[in-house]
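The values are calculated or read from the model by the stated rules, or taken from the named source; none is laboratory data. Quick caveat, the model's predicted, so the values are computed rather than measured. Please note: Cβ atoms are built from the backbone with ideal geometry, for glycine as well, and neighbour counts cover all protein chains shown. The protein model used for the area step is the full one, side chains on, heavy atoms only, and it has no ligands, DNA or RNA in it. Shrake-Rupley method; radii C 1.70, N 1.55, O 1.52, S 1.80 Å.
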Amino acid sequence: MVLAVLAGIVLGLVSIIPFPFAARKGRTIDPSRSMNLLAPLLLTLLVSFVVLVAGMIVCKVVAPDVVIGFVVAEFATFVVAVIVFGIVLTKRR
């Protein structure tokens, strides 16, 4: 169970990796075009959720008895990491 929670934490942190690239791309886009501004963020969210769901599926196949601990740790880590990323991003500006 401990390994599943640790793996969930690691995968939650890995799923946040695309966010700095989307933030950097968002700064270079003309703000008058809202779809161009929104596209990198939506693509980043899609990639992050694909990573999260793929991790859940792999955990369900490999170790179905610890999937709840894995998913809770993964989701909690993702949410906390996104909040911290947002706070750090606003403090830099």
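Plainly put, the chain has a radius of gyration that is 1.08 times its Kirkwood radius, both from alpha-carbon atoms, as the Rg/Rh ratio.
Using a probe radius of 1.4 angstrom, the carbon and sulfur fraction of the accessible surface of the chain is 78%. Think of a 1.4 Å ball rolled over the protein heavy atoms: the chain then has 68 Å² of accessible area per residue.
Note on residue 46 and residue 83: the extension gain reaches 11.6 nm, defined as 0.36 nm multiplied by sequence separation minus the Cα-Cα distance.
Taking the centroid of alpha carbons for each part, segment 52-93 and segment 1-50 are 12 Å apart.
Under a model in which nothing but the beta-carbon of Lys, Arg (+1) and Asp, Glu (-1) is charged, the chain shows a dipole of about 540 debye around its Cα centre.
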